[in-house]
Amino acid sequence: TVFKSRGDALYNPGVLASGDHVFVLDVVGSDGAAANLRGASIRAIVDGVPALGAVPMRLALMTAASGQAVDRLIIDSVGNIVPGANGLATGAVAGFLWIESGAGAPAGVPSPAYSNRVPLYYDRTNNRLYIYNGGWHSAAFA
């Protein structure tokens, strides 16, 4: 359990504010000359106004290709899953959401099943994107 407060003691808590970091796990590596700044980080950050019985938080996963670690995946307090720190540029070569793909249509029933969720699959041979919703359904791409 990790506890964070703006108060001076467990029994004298002070309400947190949006943007407060409640939990930070930084992974630091050496480049042979010095310890680099974060290579990766997991953070729990207050992302709304706390109210009695509720402290909204987001979880941020960060990595660094070089230099400072940046947000790569955020799960916000209402359940949105947001990849990347910024929108991808037109000429982007990294930062994409990757899904399963193969040659030909998928078969079988995906397992395990997650309530109110559907898996995605891309058929590279026929240029079709499939979702499973009680059966495989697809849309074609030119």
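The values are calculated or read from the model by the stated rules, or taken from the named source; none is laboratory data. Note that the structure is a prediction, hence the values are computed from the model and not measured. Here the Cβ is made from the backbone with ideal geometry for all residues, glycine too, and neighbour counts use every protein chain on show. Accessible surface is based on the protein model in full, side chains and every heavy atom, while ligands, DNA and RNA are left aside. Shrake-Rupley method; radii C 1.70, N 1.55, O 1.52, S 1.80 Å.
Note on the stretch 1-18: residues that are open to solvent by 40 Å² or more (accessible area, probe 1.4 Å), among the aliphatic types (A, V, I, L, M) and touching a strand residue (DSSP E or B) at 6+ places or on another chain (Cβ under 6 Å) amount to 1. Considering each of P112, P106 in turn, give the residue that is surrounded by 15 or more Cβ atoms within 10 Å (Cβ to Cβ), in a loop (DSSP other than H, G, I, E, B) and either at pLDDT below 90 or touching an Asp or Glu at 6+ places or on another chain (Cβ under 8 Å) (or both). Within the list P112, P106, the selection yields P106.
M62 meets each of the listed conditions (1) touching a residue at least 24 places away in the same chain (Cβ under 8 Å); (2) more than 24 Å from S30 (Cβ to Cβ); (3) aliphatic (A, V, I, L, M) apart from (2).
Can you say whether G91 is out of contact with any strand residue (DSSP E or B) (no Cβ under 6 Å at 6 or more places or on another chain), modelled with pLDDT under 85, open to solvent by less than 90 Å² (accessible area, probe 1.4 Å) and under 30 Å from S18 (Cβ atoms), as far as the supplied structure shows?
Numbers: out of contact with any strand residue (DSSP E or B) (no Cβ under 6 Å at 6 or more places or on another chain): yes; modelled with pLDDT under 85: yes; open to solvent by less than 90 Å² (accessible area, probe 1.4 Å): yes; under 30 Å from S18 (Cβ atoms): no.
Answer is no for this residue.
The single residue among R117, R128 that is open to solvent by 90 Å² or more (accessible area, probe 1.4 Å) and charged (D, E, K, R) turns out to be R117. Check whether at least one residue in the stretch 19-40 is in a loop (DSSP other than H, G, I, E, B), on the phi > 0 side of the Ramachandran plot, open to solvent by less than 90 Å² (accessible area, probe 1.4 Å) and at pLDDT below 90, and report yes or no. Yes, that holds for at least one residue. Among what's in the stretch 131-142 and is in a strand (DSSP E or B) and not polar (S, T, N, Q), pick the residue that is most open to solvent (accessible area, probe 1.4 Å). Looking at the filtered set, the residue picked out is H137.
Inside the stretch 50-88, residues that are over 19 Å from the mean Cα position of the chain (by Cα), loosely packed, with under 14 Cβ neighbours inside 10 Å and assigned to a loop (DSSP other than H, G, I, E, B) make up a count of 4. Whenever a residue of the stretch 92-119 is polar (S, T, N, Q), its partners that are open to solvent by less than 90 Å² (accessible area, probe 1.4 Å), lying with C-beta atoms within less than 8 angstrom and at least six residues away or across chains, give the pairs S101/Y121; S101/Y122; S101/D123.
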